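Single-structure report; data block below.
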Amino acid sequence: MRRVLCLSAAIGSSKRDLAMFDSAWVTITLLTAAPLLFSLTVHEYAHARVALAFGDPTAKLNGRVTLNPLAHLDPIGTLSLFLVHFGWAKPVPVNPMNLHPRRLGDIMVSLAGPLSNLLLAMVSGLLLRLWVFKGNPNHTYSEHIYMLLYWTLVVNLMLCLFNLIPLFPLDGHHILREFLPDGMRSDFMRWQVRYGQVGLLAMIFLPRVLNVTGPIGAMFRFVIEPFVHLLLHAAV
């Protein structure tokens, strides 16, 4: 539930980018879905792998320290993703009591997912820039490669930034919790469990109902879109 918005927001804000391609709808769907599913898989794998590195074998025992998408993708969440642009992956099971040191481990496990997406965004951005300036525009599959790299960049930037929002159940609320004084963490978590998800859903759906630009749309419009434009059009 926390990730698919990255795809719906990006698609909603970038139809003009897709208009430049005279590709079949199925081709476009595959070229946008593949980066999303791959990025979700890497995101969840990173959580599981870092948890194991800090001493918690829970994810490994549940078969989650793998890059096999079938281990991470929720069937209903994935179907919902393509039907209504809103979905989710299986949460990675982590036992914080097994992490050593516990607080640093919890922070790093939570950061692992967004940081893995940032790394993928950096790699795809570099390849995209090289393709734009060095690629062969007359190649039969040139536009397909461009789209694949473009969506890999956009999806991973969205996943990174969106998951750092400090609202339950996103990674950001785990990170913020560990920086709070001991006496505040219990109240913080009670508030998050009671209101965090409601606030997140309101952030997602209210702008659609009111037909206004919400925080997610603003994130894409004022942060990601200018960055991608600068990346593609800045002089070498």
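The values are calculated or read from the model by the stated rules, or taken from the named source; none is laboratory data. Bear in mind that the values here come from a model prediction, so they are computed numbers and not experimental data. For neighbour counting, all protein chains shown are included, and Cβ atoms are generated from backbone atoms with ideal geometry for every residue, glycine included.
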Requested in this report: Those residues that are buried (at least 20 other Cβ atoms within 10 Å of the Cβ) and either among the charged types (D, E, K, R) or free of Cβ contacts under 8 Å to residues at least 40 places away in the same chain (or both), I need them from region 92-123; list them, please.
Outcome: D106, A121
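Being surrounded by fewer than 19 Cβ atoms within 10 Å (Cβ to Cβ) and free of Cβ contacts under 8 Å to residues at least 24 places away in the same chain is the requirement here; does V193 meet it? Let's see the steps before the verdict.
Details: surrounded by fewer than 19 Cβ atoms within 10 Å (Cβ to Cβ): yes; free of Cβ contacts under 8 Å to residues at least 24 places away in the same chain: no.
No.
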Report task. Given the conditions (1) touching a helix residue (DSSP H, G or I) at 6+ places or on another chain (Cβ under 6 Å); (2) crowded, with 18+ Cβ neighbours inside 10 Å; (3) modelled with pLDDT of 95 or more, report the number of the one that G87 does not fulfil. Result -> (3)
Query raised in the report: Going by the structure shown, is L127 crowded, with 16+ Cβ neighbours inside 10 Å, over 26 Å from P166 (Cα atoms) and out of contact with any His (no Cβ under 7 Å at 6 or more places or on another chain)?
Result: yes
Query - Residues of region 179-236 satisfying the condition of being under 30 Å from S124 (Cβ atoms), more than 16 Å from the chain's Cα centre (by Cα) and charged (D, E, K, R) - result: R208, R221
Query - Scope region 168-225; condition in a loop (DSSP other than H, G, I, E, B) and within 25 Å of V109 (Cβ to Cβ); matching residues - result: F168, P169, L170, L180, P181
Query raised in the report: From T41, T32, which residue is within 13 Å of the chain's Cα centre (by Cα) and either at pLDDT 95 or above or part of a helix (DSSP H, G or I) (or both)?
Result: T41
